[in-house]
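Single-structure report; data block below.
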Amino acid sequence: MMGGNPGGIWTLLGFGLHLLGAIAAATVAAWLLSRRRGFGDAWPALVLGLSLTAAWCLVAAVLGDGGLPSAVAEAMRNLAWLVVTHRLFATDGRHASLAPIRPVLAVLAMVELLQVGIDALVAPAAMNGAMAQVAFAVVVPLRLLVTVGALVLVHNLYAGASKQSRPVLLWPAAGLAVLWTVDLNFYTMAYLTDGWPAEIAALRGASALALAGLLAIGVGQDGAALRFRPSRAVTFQTFSLLVIGIYLAAMVGVVRWLSFAGGDYARLFGLGFLIVASACAILFLPSRRLRGWLKVTLAKHLFKHRYDYREEWLRFTRTIGKSGADAPPLGERVVQAIADIAECPAGLLLAPDDHGEMTLAARWHWPQAEVPAVALRPAGVAFFEREGFIVHMDNLRAGRDARGEGEAVPDWLRHEQRAWALVPLIHYERLVGLVVLARPQAARQLDWEDFDLLRVVGQQVASYLAENAGQEALAEASRFDDFHRRIAFVMHDIKNLASQLSLLARNAERHADKPAFRDDMLVTLRNSADKLNGLLARLSRYGNGSIDKVGEVAPGEVAQAVVERFRGGHPVVLGDCLDKPVMANREALEQVLVHLIQNAVDASAPNRPVCLSVTADGVNARFDVIDSGAGMSPEFVRTRLFKPFVSSKPGGFGIGAFEARELVLAMRGRLEVESREGLGSRFTIRLPLASTSGLIDHLNRTAEKAA
């Protein structure tokens with residue numbers, strides 16, 4: 001129940017500030033609807049509080065501060081912000097603090113409802129001056145009580161927050177403090193002067209404007225910052241302001257036309273329309289899609305070149321040159337550096353593996369892309385090495401095949417609708433990577449300037465990738481040299497021990513008195529000597545992956561022998577058992593299987609069995625070692641699993657997985673791995689069947705001659 005409308009300049013100022021406050025609160029409320037992550041569980045209450053604040057500002061602007069509608073709107077606004085305060089306490093995790101807070105909130109809510117009741121009772125007798133004065137004397141202290149109590153709650157909300165929570169709670173606490181501080185001054189002056197101060201009443205709309213702005217800043221803290229282009233910013237921003245000005249002028253014209261139409265609710269309807277239209281303009285005009293279209297259009301019609309090459313080169317250098325603990329891996333920086341040029345929001349990097357195929361090496365803001373294990377076949381790699389062609393996927397999907405890229409691009413890229421362009425990274429006529437760019441917000445047709453810039457940047461990042469690969473190879477070779485020196489000493493000691501044991505066996509055979517003792521001693525010593533010699537032979541193979549001989553081996557017998565070695569320990573189950581011979585080395589195959597099964601046992605719980613199966617897969621035999629243990633991350637599988645001297649076991653050399661793969665490759669096979677963290681792993685060995693090895697050799701020779 002607020003009396004008297006101030007006149008003159010304060011009325012006009014109050015109208016404008018309340019109108020701006022309504023627009024700002026409505027805009028931020030609509031923005032919050034699409035950003036549910038902001039402020040956790042307090043998000044719905046914030047949207048409600050902003051909406052009711054916009055409604056209160058609208059009522060105050062149209063009907064003034066006096067009367068029952070304004071009192072009801074203000075009470076609903078205050079109740080909503082009390083709920084927000086309660087939710088912010090709960091979201092911050094201070095559940096123990098809520099016990100004394102809830103009674104305070106309940107009392108403040110009851111006082112607010114009591115004020116509405118008093119205003120409702122007095123409204124019919126508003127013409128009675130004495131009754132209005134009594135109501136004023138009762139309502140003002142009650143409103144002072146609400147504002148003081150609310151400010152105390154806001155102070156406790158921020159002052160009692162943890163260091164980690166304060167950056168999040170700063171903005172809503174500051175906004176609520178501004179809102180209720182203005183109200184405190186307003187009601188204090190009303191209590192002291194025994195009347196409503198028109199000057200402060202006019203400024204109450206500014207408090208709603210400040211509240212909405214501070215909340216918008218708080219929500220936007222975790223959002224992506226708008227990118228700024230200094231060299232062309234004046235043009236873009238001037239044109240944007242011009243568009244916004246024309247839009248708002250048109251909206252004001254519509255409102256004026258509605259006011260001329262007349263009617264009791266014409267003014268209210270017109271201002272409501274203006275608020276909605278302004279909120280829509282503020283929401284949609286700064287959108288990424290619209291800004292992207294605006295930049296493309298202005299660059300096309302107002303500038304000679306599409307790109308500011310100085311700015312592009314500086315940004316490219318900053319992105320590639322990032323260093324420190326927080327810097328992303330080189331692969332992600334490569335994708336980002338190329339994606340930023342074409343304003344693409346995400347990308348992938350494909351890199352060659354040991355078999356000449358391209359596999360996923362890095363993702364940048366594209367976690368949902370389904371990339372197969374073999375992302376690009378050798379035929380596709382050969383095409384990009386030969387042509388160095390940047391593929392525009394929209395042209396390819398439309399059936400335009402300029403240089404035969406239709407056969408080189410795999411189906412998964414055709415079906416991935418976000419895939420927009422393929423940029424090959426060529427270094428000395430060798431494909432060291434392929435960047436897949438995601439579709440930008442404002443998709444357009446690539447032209448000669450895009451192709452030239454992307455091709456040059458692709459060559460530059462290709463040199464970085466090749467240099468990085470060379471450094472890693474040198475570091476690995478250095479570690480191998482150190483490892484070989486250590487192994488040389490170990491081999492020397494083992495060789496001496498083997499000689500001593502052999503000599504002891506010969507002497508015992510000559511001089512032992514009891515035949516039974518002699519026989520047992522000979523068996524034991526010879527077995528020990530054989531084991532040491534076998535170990536010596538295996539150690540001599542470290543680093544070159546060589547094997548003595550490849551021939552026909554019965555895979556079922558090898559699998560049963562390996563499973564038998566684990567009998568009595570961790571359960572190892574043998575599933576399907578192929579009876580067709582394979583081309584392999586029995587000792588090397590058994591060594592690989594033992595290593596893989598032992599790793600699976602180490603990763604599994606004691607009651608979880610490890611499964612081994614041998615099946616036929618086309619022209620190959622397939623050995624599967626499956627466990628349901630801890631599993632491995634894609635990053636570990638891609639970058640660390642088969643790297644020598646990288647071990648997750650204390651005191652381990654980290655050479656086992658590397659040697660296993662080298663032995664499989666030496667038998668002309670392949671070792672593949674699939675793993676999910678928390679679910680388990682599957683290691684697959686593929687070796688050629690004896691019946692098809694001749695065909696495989698013939699195909700390999702034909703391919704080598706063709707190359």
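Looking at Ala123, is it at pLDDT 75 or above and either among the hydrophobic types (A, V, I, L, M, F, W, C) or touching a strand residue (DSSP E or B) at 6+ places or on another chain (Cβ under 7 Å) (or both)?
no
Scan region 7-24 for residues that are closer than 11 Å to Val62 by Cβ and at pLDDT below 75 and report the count.
The total comes to 0.
Do any residues in region 365-389 that are surrounded by 14 or more Cβ atoms within 10 Å (Cβ to Cβ) have Cβ atoms under 6 Å from those of residues that are in a helix (DSSP H, G or I) and among the hydrophobic types (A, V, I, L, M, F, W, C), where the two are at least six apart or on different chains, and which pairs are they?
Gly380/Ala408; Phe383/Ala408
Among (1) without any contact (Cβ under 8 Å) to a residue 40 or more places away in the chain; (2) within 30 Å of Arg661 (Cα to Cα); (3) small (Gly, Ala, Ser), which single condition is Ala398 missing?
(2)
Taking region 292-331 as the region of interest, how many residues are assigned to a helix (DSSP H, G or I) and at pLDDT below 75?
Number of matching residues: 12.
So which pairs qualify, if the first residue must be in region 170-181 and under 16 Å from Leu82 (Cβ atoms) and of a type in the set (A, V, I, L, M), the second must be modelled with pLDDT under 85 and outside any helix (DSSP H, G or I), the Cβ gap must be under 9 Å, and the two must be at least 6 apart or on different chains?
Ala173/Ala161
Scan region 454-464 and give yes if some residue there is hydroxyl-bearing (Ser, Thr, Tyr), outside any loop (DSSP other than H, G, I, E, B) and either crowded, with 18+ Cβ neighbours inside 10 Å or under 23 Å from the mean Cα position of the chain (by Cα) (or both), otherwise no.
yes
State which residue pairs qualify: first residue assigned by TED's automatic domain parsing to the domain that holds Trp364 and farther than 12 Å from Val371 by Cα and inside region 404-427, second residue charged (D, E, K, R) and buried (at least 20 other Cβ atoms within 10 Å of the Cβ) in any location, beta carbons under 9 Å apart, and separation of 6 or more residues or different chains.
Leu422/Glu405
In region 623-630, is there at least one residue being of a type outside the set (Asp, Glu) and either assigned to a helix (DSSP H, G or I) or over 14 Å from Glu674 (Cα atoms) (or both)?
Taking every residue of region 623-630 in turn, none turns out to be of a type outside the set (Asp, Glu) and either assigned to a helix (DSSP H, G or I) or over 14 Å from Glu674 (Cα atoms) (or both).
Only one residue in Val573, Val558 is loosely packed, with under 15 Cβ neighbours inside 10 Å and aliphatic (A, V, I, L, M). Which one?
Residue meeting the stated conditions: Val573.
Given Glu332, Glu387, which one is of a type in the set (D, E, K, R) and either in contact with a Phe, Trp or Tyr (Cβ under 9 Å, 6 or more places away or on another chain) or farther than 21 Å from Glu429 by Cα (or both)?
The match here is Glu332.
Given the options Gly380, Gly399, name the one that is more than 27 Å from Glu672 (Cβ to Cβ), outside any strand (DSSP E or B) and not assigned by TED's automatic domain parsing to the domain that holds Pro634.
Being more than 27 Å from Glu672 (Cβ to Cβ), outside any strand (DSSP E or B) and not assigned by TED's automatic domain parsing to the domain that holds Pro634 holds for just one of Gly380, Gly399, which is Gly399.
I need a count of the residues in region 134-162 that are surrounded by fewer than 18 Cβ atoms within 10 Å (Cβ to Cβ) and assigned to a loop (DSSP other than H, G, I, E, B).
2
The values are calculated or read from the model by the stated rules, or taken from the named source; none is laboratory data. What you are looking at is a predicted structure, and each value in this text was computed from that prediction instead of being measured. Neighbour counts are summed over all protein chains in view; Cβ atoms, including those assigned to glycine, are modelled from backbone coordinates with ideal geometry.
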